[in-house]
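Structure, as structure tokens:
The values are calculated or read from the model by the stated rules, or taken from the named source; none is laboratory data. Since this is a predicted model, take the numbers as computed values, not measurements. FYI the Cβ positions are ideal-geometry reconstructions off the backbone, even for glycines, and counts take in every protein chain you see.
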Amino acid sequence: MNNESKKEKPSFGYEKMPYRYVAYYRDGKWCDGELTTDEKVVLNESAGVLQYAQTCFEGMKVFKTKDGSIVVFRPDMNAERMCDSAMGLEMPPFPKDRFLEAVKQVVTANREYVPEYGSGAALYLRPVMFGTNAVLGVKPCEEYQFRLFASPVGPYFKGGVKPLKLKISEYDRAAPRGTGNIKAGLNYAMSMRAITEAHREGYSENVYLDPATRTKIEETGGANVIFITKDGTLVTPKSNSILPSITRKSLLYVAEHYLGMKVEHREVYLSELKDFIECGLCGTAAVIAPVASIATESGTIEFPSGEEKAGEYLTKLRETLVKIQSGDIESPQGWLVRIE
Ligand SMILES: *Cc1c(COP(=O)(O)O)cnc(C)c1O
């Protein structure tokens, strides 16, 4: 996700924290991992990750609640998705229980950097896995590194939520039976040119269509898309090449069980865009970034919620999920993992 306000003062950039967790895969198994202060990775020049992009990653946030406890939002979902991503790239999945243990160790070791309750900021966790041994012929690596580091991130929206202007990309993000549903770096590599061009044209992000027919909405480069219909139903596009966003899944649950909204997870046609009253991008970074308009080949769709602020449904959804994340209202069982 991208946002113009980021250009003035970066709120989502890497900042070195004292500790990160590292584990190595060798001789067919994951060795014991440990915390280290060394942020550098030394690789062979022909490492699999450098030649053939064998790498996947995750992202999640750590918050401080009102009573001062430290909580991580749904890390079990990230652990599971990272296993799916790894398997999609023929990498050995990092065991889920060890992933959660790594989360605990990294948060505990860097706990003084978890931003205060109510600041809107969070400690972002970035797990990443990559093939490390030298390869020249195309084949999966035999050795891997799993690394989990942290970086504090500011509130996504400084000085208010300004709805984004998007465009339908002329490029495709993922093949119909490709890697769109896993969190692989390679899906982002291909988006760099498209996003740079979109920025140059004055748009914040690209909306990608299904590559087979180019009639259905998929997602943006780094966030799922959500819509609100005139009768207040939350609609999210369904496709095998969309990355299964944990924020999107959480929002569907919140809409249904906290706000009593109707929800639909289904194919969404480009031709339907004009019928929605609100549109937003969802992901860990912003929870929901409202969208003002989407430029298409046959003209720009402007959502009735307008250019100045988020619409009422998405505002309510965002506020509710943010309150759940910071422990202000009761969360569904297992959503917040407390770090002692
Ligand atoms: C990470 C990501 C998202 C958002 O997923 P969350 O789990 O909600 O953070 C959406 N789309 C893509 C392509 C992503 O890589």
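Remarks
- Unique match (being under 21 Å from the mean Cα position of the chain (by Cα) and among the acidic types (Asp, Glu)) among 39, 90, 80: 80
- Boolean, residue 201 is within 14 Å of the ligand (Cβ to nearest atom), at pLDDT 95 or above and either more than 20 Å from the chain's Cα centre (by Cα) or under 23 Å from residue 315 (Cα atoms) (or both): no
- Any pair with Cβ under 6 angstrom, 6 or more apart, that starts in segment 270-291 at a residue that is touching a residue at least 40 places away in the same chain (Cβ under 8 Å) and ends at one that is within 14 Å of the ligand (Cβ to nearest atom) and of a type in the set (Lys, Arg): 282/248; 284/61; 287/318; 288/318
- The selection criterion, being modelled with pLDDT under 95 and either among the aromatic types (Phe, Trp, Tyr) or under 30 Å from residue 35 (Cβ atoms) (or both), holds for residue 157.
- Note on segment 215-231: among residues that are more than 7 Å from the ligand (Cβ to nearest atom) and within 17 Å of residue 321 (Cβ to Cβ), the one that is surrounded by the most Cβ atoms within 10 Å (Cβ to Cβ) is 226.
- Only residues that are in a helix (DSSP H, G or I) and not polar (S, T, N, Q) were counted in segment 306-331, giving 11.
- Residue count for segment 263-302 satisfying the condition of being buried (at least 20 other Cβ atoms within 10 Å of the Cβ), away from the ligand (no atom under 15 Å from the Cβ) and small (Gly, Ala, Ser): 1.
- If you go through segment 242-262 and pick out every residue that is touching a strand residue (DSSP E or B) at 6+ places or on another chain (Cβ under 6 Å), within 16 Å of the ligand (Cβ to nearest atom) and in a loop (DSSP other than H, G, I, E, B), you end up with 2.
- Cβ-Cβ distances below 8 Å connect the following pairs, each with a first residue in segment 170-188 that is over 20 Å from residue 48 (Cα atoms) and free of Cβ contacts under 8 Å to residues at least 60 places away in the same chain, a second residue that is outside any loop (DSSP other than H, G, I, E, B) and away from the ligand (no atom under 13 Å from the Cβ), and a separation of six or more residues or different chains: 171/193; 172/209.
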